[in-house]
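Below: the structure, in structure tokens.
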Amino acid sequence: MVVAEVEAFFSRAIAPTRRVAIGELRLPAHGGGDAAAMLLGGIVAGFGRHLDGDDRLELEQLLGEAETGRRIPQPRLRHRFQSDRVGLQRCTHRLVQDRGGFFHLDLDQHRGTPAQQTLAAVYAARGLPRDDRLAAVTALRRGLHWRGELGPEMLGFLRLGAPARRLGPAAGAADPVGWAVGVLGLSPVDGRPSRDAVRRAFRDGLRSVHPDHGAAVDGAAERIAELDSARRILLG
């Protein structure tokens, strides 16, 4: 039985412009977000491991933007998101539940590049209701760090309830700017740091906690989410 499905459309490799569009989505919401999280996180787990380092870092930033539900500036990962599907090739991914109650991924491996596939998952997550969107983005972050097989262990990992809405420690509620400055390792001497300084500190912080640069996999998603929360506080 198909419990979740994502239809995406991609420009072909020979096309002069790189494009991504979303088609029909069957993503249970309002309490059924586990299925959406498993499918979308599974797409990123399957294709995100093939991204190069720069694309992975940009995808981390894109996840922070998608988490807010606001419009995402274009293009991203050198692709433009659009609603028109004319001339694009169709790709469908499914999460299936068998008679024993076990979940399995059915990913289309024959169309689209890793960048197109991961972008499609992010844009699909962005359109979910708030609580399900936050859970899905957490699963996307987890999927980006997964290096094992795309089986039951991974799906269980994606379903775990990570603190997607966590701003920071309790002290951050009283002084969010001070908390954000500390998380990014910036100097509070001159008050609120410049936007360029925030961006540089965020990029440096990502590299220091990212598994691709030698950091531990355990807890990486939470550390990256904390850095992204601090960045968004300071950039407004």
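Data table
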item	result
Qualifying positions in region 81-91 - loosely packed, with under 15 Cβ neighbours inside 10 Å and touching a residue at least 40 places away in the same chain (Cβ under 8 Å)	SER83, ASP84, GLY87, ARG90
Index of the failed condition, PHE202 passing every other in (1) at pLDDT below 75; (2) under 25 Å from ALA139 (Cβ atoms)	(1)
From the options ARG80, ARG90, ARG130, ARG147, residue that is over 15 Å from the mean Cα position of the chain (by Cα), modelled with pLDDT under 90 and not assigned by TED's automatic domain parsing to the domain that holds ALA215	ARG147
Residue satisfying condition, being of a type outside the set (A, V, I, L, M), assigned to a helix (DSSP H, G or I), modelled with pLDDT of 90 or more and farther than 19 Å from PHE103 by Cβ, within set GLY23, GLY42, GLY48	GLY48
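The values are calculated or read from the model by the stated rules, or taken from the named source; none is laboratory data. Given the structure is predicted, the values throughout are model-derived calculations rather than measurements. A quick note on method: Cβ atoms are made from the backbone with ideal geometry, for glycine too, and the neighbour counts reach across all protein chains shown.
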